[in-house]
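These notes are about the structure you will find just below.
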Amino acid sequence: QVQLVESGGGSVQPGGSLRLSCAVSGSSSSVSRMGWFRQARGFQRDLLATITNNGDTTYAGSVKGRFTISRDIAKNTVYLQMNSLKPEDTAVYYCNAFTGLKSYWGQGTQVTVSS
């Protein structure tokens, strides 16, 4: 089992920045890839960024150049640095851990971008 706890969400004005954190516990050594998703009200959950055990990253086109996924192996934590935030970035953001067999989710953290 893998447990994920997100933090760092909140309200910010357009153009602002936030950094989300995802603390990983449990069988973290079995995780091969971490990712960040988001789900706006009434929409499906979308993949934003991933990072593998090798440190390779991928980004959705909508956030490329604005968001950065990173990890601190010593702290078992994955981050999502979000810059130049837009109102359309408003959503619940979820951390995901994939072991190759199972996918685990955090509880989500709300991000609201509004003036």
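The values are calculated or read from the model by the stated rules, or taken from the named source; none is laboratory data. Note that the structure is predicted; figures quoted are calculated from it, not measured. Please note: Cβ atoms are built from the backbone with ideal geometry, for glycine as well, and neighbour counts cover all protein chains shown. Ligands, DNA and RNA are stripped out before the accessible areas are found, and what is left, the full protein with its side chains, is counted by its heavy atoms. Shrake-Rupley method; radii C 1.70, N 1.55, O 1.52, S 1.80 Å.
Limited to the stretch 49-63, what total is found for residues that are touching a strand residue (DSSP E or B) at 6+ places or on another chain (Cβ under 7 Å) and within 16 Å of PRO87 (Cα to Cα)?
Final tally of qualifying residues: 1.
Mind listing whichever residues of the stretch 22-64 are open to solvent by 70 Å² or more (accessible area, probe 1.4 Å) and touching a Ser or Thr at 6+ places or on another chain (Cβ under 7 Å)?
Once the filter is applied, which keeps residues that are open to solvent by 70 Å² or more (accessible area, probe 1.4 Å) and touching a Ser or Thr at 6+ places or on another chain (Cβ under 7 Å), the stretch 22-64 yields ARG33, ASN53, THR58.
What are the residues in the stretch 78-115 that are farther than 11 Å from SER7 by Cα, polar (S, T, N, Q) and within 11 Å of the chain's Cα centre (by Cα), if any?
Correct list: GLN81, ASN96.
Name the pairs: first residue in the stretch 9-34 and free of Cβ contacts under 8 Å to residues at least 60 places away in the same chain, second residue among the β-branched types (Val, Ile, Thr) and open to solvent by 50 Å² or more (accessible area, probe 1.4 Å), Cβ to Cβ under 6 Å, at least 6 apart or on different chains?
Partner pairs satisfying both residue conditions: ALA23/VAL5.
For the stretch 4-17, which residues satisfy the criterion of being assigned to a strand (DSSP E or B) and either open to solvent by less than 30 Å² (accessible area, probe 1.4 Å) or over 16 Å from LEU85 (Cβ atoms) (or both)?
Across the stretch 4-17, the qualifying residues are LEU4, VAL5, GLU6, SER7, GLY10, VAL12.
Does the stretch 99-113 hold any residues that are open to solvent by less than 70 Å² (accessible area, probe 1.4 Å), in a loop (DSSP other than H, G, I, E, B) and more than 13 Å from SER27 (Cβ to Cβ), and which are they?
Within the stretch 99-113, GLY106, GLY108 meet the criteria.
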